[in-house]
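Student: Before I ask anything, let me first share the structure, which is written out below as structure tokens.
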């Protein structure tokens, strides 16, 4: 009898040990599963945060006529003197594809910006440059041209400031020609400019507004019908490359 009771006790203890072992294994498995889940959640969280940050940055740099490139090095030697503007009104023309635009530049209101535009026309810089950006939305209608690389990039050795002749109330009226720049950087104006083909509002940033250098006096309807009406690629966008590839084919000033 003693032997039988001893065997039963040992069997019971063995079952208890097995039960405790299985319980520990179950707890361990649950901990591993929870740890894997937490790790995946952390990874997903990092990806989401990074995505939101990237989206915010893209939105920031595309809400105004800016150049999404690193801040250029200002080089006064590369920029013409404001005296080139002669503080007077200039008349001339720009041709986008086959669409001629008659323009005036106001050297008295924006001597440095106008001097830059005059120089770019006189030395032939603008010829062959593309109009890489078209904005067609309820509050903004512009076409932006003149980038060095045809995609909005700046020219590192060509930049100047300050902002001149920015409008009151941040309203850029139909026909205005203004200089593009980087956000919050008044010294980043360069070769790029934009033409407003419908009243547009661009809120001032910490640097101010955008330098208005002149106006289109004739041909704006042609710009709208020949280029802007073609829309943007993809066609659901309000800000992007024009579907109708556009190049500055001629420019004059006097």
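Student: Can you compute the equivalent ellipsoid semi-axes for the range 76-253, i.e. the square root of 5 times each eigenvalue of the Cα gyration tensor, sorted largest first and rounded to whole Å?
Tutor: 23, 18, 16
Student: Could you line up 88, 181 from fewest to most neighbouring Cβ atoms inside 10 Å?
Tutor: Ordered from fewest to most neighbouring Cβ atoms within 10 Å, 88, 181 come out as 88, 181.
Read-outs: derived from the displayed coordinates by stated rules, not from any lab. Fair warning: this is a prediction, and the values are worked out from it, not measured in the lab. Methodologically, a virtual Cβ is constructed for each residue, glycine included, from the backbone with ideal geometry; neighbour enumeration extends over all protein chains shown.
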